[in-house]
Each structure stands twice: as structure tokens, then as C-alpha cells.
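Since the structure comes first, as C-alpha cells, the remarks are kept for the end.
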Amino acid sequence: MEIPYYQVNAFTTSRFGGNPAGVCPLEDWLADEQMQAIAAENNLSETAFLVRKGGTYELRWFTPKIEVDLCGHATLASAFVILNYLDESAASVEFTTKGGALTVERDGELLLMDFPAWEVRRTSTPEQLLKALRHEPKEVWCSERDYLAVYESEENIQLLKPNFDQLNNLDRLAVCVTAPGRKSDFVSRFFAPRGGIDEDPVTGSSHCELIPFWSKRLRKKQLHALQLSRRGGEVFCEALGERVRIAGHAVVYLRGVINI
């Protein structure tokens, strides 16, 4: 059996930057075990699988270890594949996912994603988190999925060298660290060893919590963000109340076929 395969770098204009996502358009769903095996073999932060259903697409995402309920960069990559290879005349794409209905539309060279806004609440700093990050944050917040550790400066974020074994033992899937940026409104990094990703290069879904947080703190709706991983990425953001707009560029790196 042959499956079309695309590898797309999201939130970048560089073929060697941003966050690489695998995209597999399917005629019908494979068994969960097959999709998980393909994602593990690809060994990217996420591999997306999509099936067209009428005018929309069903979309699922797998890390090398687990299926996740929401993924930003692989949604951006999937929309890029649809709009540039599968349905070039379309102006937008609608997805049905475990994280709810998502839409992506063209805006020149940018792709604009409409995602849910996630509420975060202030919390005390868990001892395990402090051991894992090795540098005490100024504040700690949490969403249903992640811890959000806030630092004073971009330099603090760049210099962090977390203990991934310690992070793996936390009671949240991931830890997002963030601070005000020098040349952007805010910067971040994202660690998710429990999901099979020590450090994610650029994380669309973390901006579901970062955008409302920084929008309130900076008192502005439109924000510019950088993720400070080794590959790096750029995210254009807008706070829309219960929703957020997450926008970025994408570039294809690879087109091929998976044989299973």
C-alpha cells in the first residue's frame, strides 16, 4: 500500500527552520496502530493524517509516542498541502478534529489558523518543576494541559537547560517557558518529553495559552512571537476573546510515498 507523504516546515520560510510536520492524505482511515507506527518511524514532533469528508477534512495528529488532541504546526502544514497540492483553488480549509472545528485561510503568503483560546490560572511552583527547569521562574501558571513558566528576559529562556527526566514526571503533558522579547512581543520554548518530544521546535498549540496571557499583560490584541528553539520559528498572533488567530508561513521540504 502506498500513501502520499509530504514533509512541511511550519512557521518559517526556510527549508531548514521552523517545525517539520509529516502530512499523510488518506482515502480512508488506517488502523490507529498503523498511524502510530508511521509517526514513530517519521520521528517528527507530529505526523498528521487527513481524510476528506465532503467539503471538510477530518484531521488527526500523532507524536512518535501518542495521539494528541490539538496540534498547531501540523494543522498549518496540512492546510499548506491542501491549498498548494490537493485543492489549489480553495481559499480556506475546514478541519474536524478531536480538539474541535478548526479553520485555516490564506492571507497572501501567510496561513491564518482559527484556534480555541485556553485559560491559564496562577499556581504555586511545584518542586518537581523547579528541579526540572533548574532556574526558578518569576511566575508559574497552568492550563489543563501545560505548565506556563514566566521569566523576566529572553536571555533566561535562551539559557535554560532543563532536565527532561524530571519534566517527564510532572502532572502536565508539557511545560512552556516564556518571557518578553527583545525584537518581538514575547518569546517561548516548549518541552514535552511525556509526549515523546523533548523540545518542540515551534508549537502552534502553546499559543492558545500564550496569546491570551500576553494580550492581557501587554494590553494589545495583535502580537508578534518568536520560539527560541535551535530551528526557530515566527508566529503572528491575534487575541479574539474565546478564540485566537495563529498565523505563519510554511515551506515544503519533501514529497514522496510511504510504503506499508
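Where in segment 53-72 does the label zone of Ser92 land, with the point 7 angstrom along Cα→C-beta and an amide N cut-off under 16 Å?
Answer for this model: 55-57.
Using a cut-off of 12 Å between beta-carbons, work out the net charge of the residues near Glu209 (Lys and Arg +1, Asp and Glu -1, Glu209 not included).
With Lys, Arg at +1 and Asp, Glu at -1, the net is +1.
Which angle from 0 to 90°, rounded to the nearest 10, does the C-alpha axis of helix 207-218 make with the longest principal axis of the chain?
40
If each residue of separation counts as 0.36 nm, what is the full-extension length gain between Asp198 and Ala37 once their alpha-carbon separation is subtracted?
Extending this stretch completely gives an extra 56.1 nm.
Filter the trypsin sites (Lys or Arg not before Pro) in segment 174-226 down to the DSSP loop ones having no more than 11 other Cβ atoms within 10 Å, then list what survives.
Here the sparse-neighbourhood loop sites are Arg182, Lys183, Arg219.
Given the Cα-Cα distance of Ile66 and Arg182 and 0.36 nm per residue of separation, how much length would full extension add, in nm?
Gain on extension, Ile66 to Arg182, equals 38.2 nm.
Defining a contact as two alpha carbons under 8 Å apart and six or more residues distant in sequence, what relative contact order in percent does segment 58-196 show?
17
So, in Å, what gap is there between the alpha-carbon centers of segment 135-208 and segment 34-62?
Comparing the Cα centres of segment 135-208 and segment 34-62, I get a distance of 25 Å.
Could you line up Thr103, Thr97 from fewest to most neighbouring Cβ atoms inside 10 Å?
Exposure proxy ranking, most exposed first: Thr103, Thr97.
Number of Lys pairs in the chain with C-alpha atoms less than 17 angstrom apart, excluding same-chain neighbours closer than eight positions?
4
With a cap of 11 neighbouring Cβ atoms within 10 Å, and only residues DSSP puts in a loop, list the chymotrypsin sites (Phe, Trp or Tyr not before Pro) found in segment 1-72.
Hits after loop and neighbour filter: Phe16.
Expressed in nm to one decimal, what extension gain is obtained for the pair Arg255 and Ala101 from 0.36 nm per residue of sequence separation less their Cα-Cα distance?
Gain in length upon complete extension: 52.7 nm.
With everything on Cα atoms, drop me the angle between helix 32-42 and the longest principal axis of the chain, reported from 0 to 90° to the nearest 10.
Once rounded, the angle reads 70 degrees.
Residues in segment 11-25, backbone N under 18 Å from the label point at Met1 (7 Å along the Cα-to-beta-carbon vector): list them, ranges by number please.
Within reach of a label on Met1, which here means backbone N under 18 Å from a point 7 Å along Cα→Cβ, segment 11-25 contributes 23-25.
Charges on Cβ only, +1 for Lys and Arg, -1 for Asp and Glu, centred on the Cα centroid of the chain; of Phe236, Trp29, Tyr85, which one is farthest towards the dipole's positive end?
Phe236
If you rank Met113, Met35, Met1 by fewest surrounding Cβ atoms within 10 Å, what's the result?
By the 10 Å Cβ count, ascending, the order reads Met1, Met35, Met113.
Over segment 121-241, what is the relative contact order in whole percent, taking alpha-carbon pairs under 8 Å and six or more residues apart?
The value is 19 percent.
Given Cα pairs under 8 Å that are at least 6 residues apart, what percent is the relative contact order of the chain?
23
Test of the criteria: in segment 1-68, which GluC sites (Glu not before Pro) are in a DSSP loop and have at most 12 other Cβ atoms within 10 angstrom of their Cβ?
Answer by residue number: Glu27.
Divide by every residue of the chain the summed helix terms, -39500 (n - 2.57) for each DSSP H run of at least 4, and state the resulting mean residue ellipticity at 222 nm, rounded to the nearest 500 deg cm²/dmol.
-5000 deg cm²/dmol
Considering only Met113, Thr123, Phe11, whose Cα is most displaced toward the positive end of the charge dipole of the chain, charges sitting on Cβ of Lys, Arg (+1) and Asp, Glu (-1)?
The Cα lying farthest towards the positive end belongs to Thr123.
For the ranges 173-180, 203-210, what's the packing order if you count other beta-carbon atoms within 10 Å of each residue, average per peptide, and put the highest first?
Sorting 173-180, 203-210 by mean packing, highest first, produces 203-210, 173-180.
For a footprinting-style exposure proxy, rank Leu76, Leu218 by other Cβ within 10 Å, fewest first.
The fewest-first ordering by Cβ neighbours comes to Leu218, Leu76.
Near Ser153, within a Cβ-to-Cβ distance under 10 Å, what is the net charge of the other residues, with Lys and Arg +1 and Asp and Glu -1?
-1
All of the numbers you see were taken from the coordinates with simple rules; none came from a lab. This is a predicted model, so every value here is computed, not measured. Cβ atoms come from the backbone with ideal geometry, glycine included; neighbour counts cover every protein chain shown.
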